[in-house]
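Notes follow once the structure below has been shown.
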Amino acid sequence: MVVENSASLANARLWSQHGLCIFVEVNLGADRLKVLMDTGSSPEVTLHNLDALNIDPKEIDFMFLSHGHYDHTGGLIDVLKRINRKVPVIAHPEAFSPKMKDLPFLKYIGVPFSRAEAENAGAVMLQCRSPVSLANSVMTTGEVERVVPFETVEGFSTVKGGLYIPDSMPDDQALLANIKGKGLVVIAGCAHAGIINIIRHSRKLMGVSDVYAVIGGFHLAGSKEERIASTARALLELDPAIVRPGHCSGQRAVSLLQETLGDRCQPLATGDLIEL
Ligand SMILES: [Zn+2]
Ligand SMILES: [Zn+2]
């Protein structure tokens, strides 16, 4: 966990900030796949923590942007500059749309640079609405099917075809892996599509019913009590072995998830190493 909202005493040398950046290393037997999922809010924090964690950006094979909000994309240009070569960057085509939040006042929260600037810094943009396969049993979700009635998207707006409209965040995606003998691993950015929608979509996509681990932002900060309780019930039913909520999950949701799921649920903090 390169950047997360919470600091931990065990990793006091790292900086914390509202945002998310996760370094994912996948053991493929002879090879190791290294993916940087999201890049935090600010380049200073992301680069400081990568250095402090001894992660060499030059080793990154792929970058994956979970969605087009600044707190997941802000460090991209500087990480690309540090890598100093062409790197594939996977994102939904609408990640670079203008993105606003409506409350407490209208504010731009989209990607703080243009697609062309990212490309000039070395990004080879792989823009795709469909899932992208990174390796055997490792893929992105693509656009997430929305079926869970209580997981609605509110409070965001965008511009499409010249019109200012509500933003349903179609660009929201997660990173998935299927670990042999254990099951599905879901790493969500902000889960604007809804964490239960994402898990259901992922099970279908990977053809795996056992959910092993759910990690990342659950976007329940500020959500109504009813939605938090429904999410906790649905997660209990899905029965994952490991649940690590962080970033935009919200303290109330984390507490209820811990109460519902017991020791299986531990909040995330910057610097956490999760071995699966
Ligand atoms: Zn977001
Ligand atoms: Zn976020």
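The values are calculated or read from the model by the stated rules, or taken from the named source; none is laboratory data. Quick caveat, the model's predicted, so the values are computed rather than measured. So basically every Cβ, Gly included, is an ideal-geometry build from the backbone, and we count neighbours across all protein chains shown. SASA here: full protein model, heavy atoms, side chains in, ligands and nucleic acids out. Shrake-Rupley method; radii C 1.70, N 1.55, O 1.52, S 1.80 Å.
What the table below lists for this structure:
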| quantity | calculated |
| --- | --- |
| Shape call, the chain: gyration tensor on alpha carbons, a/c limit 1.5 | rounded |
| Shape of segment 132-276, Cα gyration tensor, a/c cut at 1.5 | oblate |
| Heavy-atom surface of the chain, accessible at 1.4 Å and reported per residue (Å²) | 44 Å² |
| Most mobile of G250, G122, G161 in a GNM of the chain (Cα contacts under 10 Å) | G161 |
| Segment 101-204 - convex hull of alpha carbons, volume per residue in Å³ | 135 Å³ |
| DSSP bridge orientation in the chain - percent antiparallel, rounded to nearest 5 | 55 percent |
| Percent carbon-and-sulfur accessible area, the chain, ignoring ligands, DNA and RNA, probe 1.4 Å | 52 percent |
| Residue of A52, A30, A118 that the Gaussian network model of the chain assigns the largest fluctuation, springs spanning Cα pairs under 10 Å | A30 |
| Distance between segment 1-75 and segment 154-207 - C-alpha centres, whole angstrom | 19 Å |
| Rg/Rh ratio calculated on Cα atoms of segment 1-148 (Kirkwood radius) | 0.97 |
| Mean ellipticity per residue at 222 nm, deg cm²/dmol - from DSSP H runs of n ≥ 4 across the chain, formula -39500 (n - 2.57) | -6500 deg cm²/dmol |
| Ranked by how many other beta carbons lie within 10 Å on average, peptides 131-139, 72-80, 148-156 from highest | 72-80, 131-139, 148-156 |
| Among the listed pairs K34/K81; K101/K160; K101/K224; K160/K224; K86/K182; K86/K180, those beyond 25 Å (Cα-Cα) | K160/K224; K86/K182; K86/K180 |
